[in-house]
Amino acid sequence: MKFKAIAIDGPAGAGKSTVAKILSKKIGFTYIDSGALFRAITLKILKLGIDVNDVDNIIKHAKNAKVDFIENSIYLDGIDVSKEIRDDIVNKTVSYIAMIPEIREIIANIQREIAKTKNVVVDGRDIGTTVFPDAFAKFFLTASVDERARRRYNQYLDKTKYSLEDIKNQIIHRDYIDSNRESSPLKQADDAILIDTTNRSIDEVIEEILYHIFIKGGI
Ligand code: DC
């Protein structure tokens with residue numbers, strides 16, 4: 001691999017995207033939000049009204065989808081969908097789309113293409129295990145489920161729609177599907193460094209990551 005990839009994996013709400021965004025800026029790498037790629041494909045399938053069990057049709061449309069990152073926004077077929085991909089319906093459907101091996105392959109290839117031409121920090125579930133097994137550095141972020149639910153709950157502007165308990169149950173459900181699917185499940189790579197972010201600030205977590213990058217010889 002000519003360019004360097006840094007993998008940041010872990011379950012929902014562990015702090016991956018916040019950490020990956022800040023880290024990438026600090027070290028001058030391009031940030032890839034792999035979850036956003038799964039979300040964009042899911043949004044396309046939902047918009048087309050395709051059933052989540054209609055795998056052949058899902059694959060056909062995913063192959064034709066044009067997904068681009070432009071300045072931290074994500075574009076689906078030329079339209080900025082950065083907000084829409086965070087909708088509830090996408091949250092509830094994305095894990096089912098992410099179970100399909102062909103979809104995982106399409107999305108892994110999009111990431112590998114980007115990484116051919118630049119250094120990247122990538123956050124996801126299978127980056128260190130499957131997408132970039134030769135990544136320069138791999139981190140696996142976790143936090144207690146209560147802490148992860150609290151973080152997600154605090155991100156919601158409308159707190160009347162879901163209770164903290166609802167969010168916690170959604171997270172447990174999504175983690176279960178992500179960890180138990182057959183195709184590249186959420187799993188810590190053997191050579192990934194585990195960081196528990198419960199009760200730790202973002203700055204502390206980034207410090208620790210930078211320390212490990214330094215130990216590995218720097219960038
Ligand atoms: O990180 P996120 O919540 O935006 O991810 C959305 C979903 O996409 C997540 O529930 C599982 C799936 N995903 C995946 O299977 N593999 C990845 N590398 C990233 C996300």
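The values are calculated or read from the model by the stated rules, or taken from the named source; none is laboratory data. What you are looking at is a predicted structure, and each value in this text was computed from that prediction instead of being measured. So basically every Cβ, Gly included, is an ideal-geometry build from the backbone, and we count neighbours across all protein chains shown. To get the accessible areas, we keep the full protein, side chains included, count just its heavy atoms, and leave off ligands, DNA and RNA. Shrake-Rupley method; radii C 1.70, N 1.55, O 1.52, S 1.80 Å.
Where the centre of each part is set by its Cα atoms, how far does the range 5-30 sit from the range 67-96, in angstrom?
Here the two parts' Cα centres lie 18 Å apart.
Please report how many Lys pairs in the range 1-74 have alpha carbons closer than 24 angstrom, counting only residues at least 8 apart along the chain or sitting on separate chains.
16
Could you give the length gained by full extension between residue 56 and residue 75, i.e. 0.36 nm per residue of separation minus their alpha carbon distance, to one decimal place?
Numbers: separation 19, 0.36 × 19 = 6.84 nm, distance 2.35 nm.
Residue separation times 0.36 nm, minus the Cα-Cα distance, leaves 4.5 nm.
Work out Dmax and Rg for the range 1-66 from the C-alpha atoms and quote the Rg first, both in angstrom.
15.4, 42
Quick one: check the C-alpha center-to-center distance for the range 45-60 versus the range 99-162, whole angstrom.
Their Cα centres are 22 Å away from one another.
If you average 1/r across every pair of different Cα atoms in the range 98-206 and take the reciprocal, what Kirkwood value do you get, in Å? Before the final figure, lay out the partial values.
Working: mean 1/r = 0.0635 Å⁻¹.
For the range 98-206, inverting the mean 1/r across all distinct Cα pairs yields 15.8 Å.
Can you divide the C-alpha Rg of the range 66-126 by 2.2 N^0.38 Å and report the result to two decimal places? It would help to have the intermediate numbers written out before the result.
On the way: Rg = 12.5 Å, N = 61, 2.2 N^0.38 = 10.5 Å.
Working it through for the range 66-126, the quotient is 1.19.
Rounded to a whole number, what % of the accessible area of the chain do carbon and sulfur atoms account for, probe 1.4 Å? Mind showing how you got there, number by number?
Numbers: 5810 of 11250 Å².
Ligands and nucleic acids excluded, carbon and sulfur give 52 percent.
Based on DSSP, what percent of beta bridges with both residues in the chain are antiparallel, to the nearest 5?
Values: 6 of 23 bridges.
Roughly 25 percent of the DSSP beta bridges within the chain come out antiparallel.
Kirkwood Rh, the chain, all Cα pairs: how many Å? Provide the component values of the computation, followed by the final result.
Values: mean 1/r = 0.0564 Å⁻¹.
About 17.7 Å for the chain.
How large is Rg/Rh for the range 1-125, to two decimals, with Cα atoms and a Kirkwood Rh? Mind showing how you got there, number by number?
Working: Rg = 14.2 Å, Rh = 14.9 Å.
Value, to two decimals: 0.95.
Just the accessible area per residue of the chain, please: how many Å² with a 1.4 Å probe? Before the final figure, lay out the partial values.
Working: 11250 Å² over 219 residues.
For the chain, the solvent-accessible area averages 51 Å² per residue.
Could you tell me which of 132, 121, 13 has its Cα farthest along the dipole of the chain towards the positive end, charges placed at Cβ (Lys, Arg +1; Asp, Glu -1), taken about the Cα centre?
121
Extension gain residue 200-residue 18, at 0.36 nm per residue separation less the Cα-Cα distance, in nm? Walk me through the intermediate numbers first.
Values: separation 182, 0.36 × 182 = 65.52 nm, distance 1.31 nm.
Full-extension gain reported as 64.2 nm.
Positive end of the charge dipole of the range 46-199 (Lys, Arg +1 and Asp, Glu -1 on Cβ, about the Cα centre): tell me which of 55, 188, 144 has its Cα farthest that way.
144
Quick check on the chain: helices-only [θ] at 222 nm, where DSSP H runs of length 4 and up contribute -39,500 (n - 2.57) each and the sum goes over total residues. Nearest 500, please.
Calculated at 222 nm, the ellipticity per residue is -15000 deg cm²/dmol.
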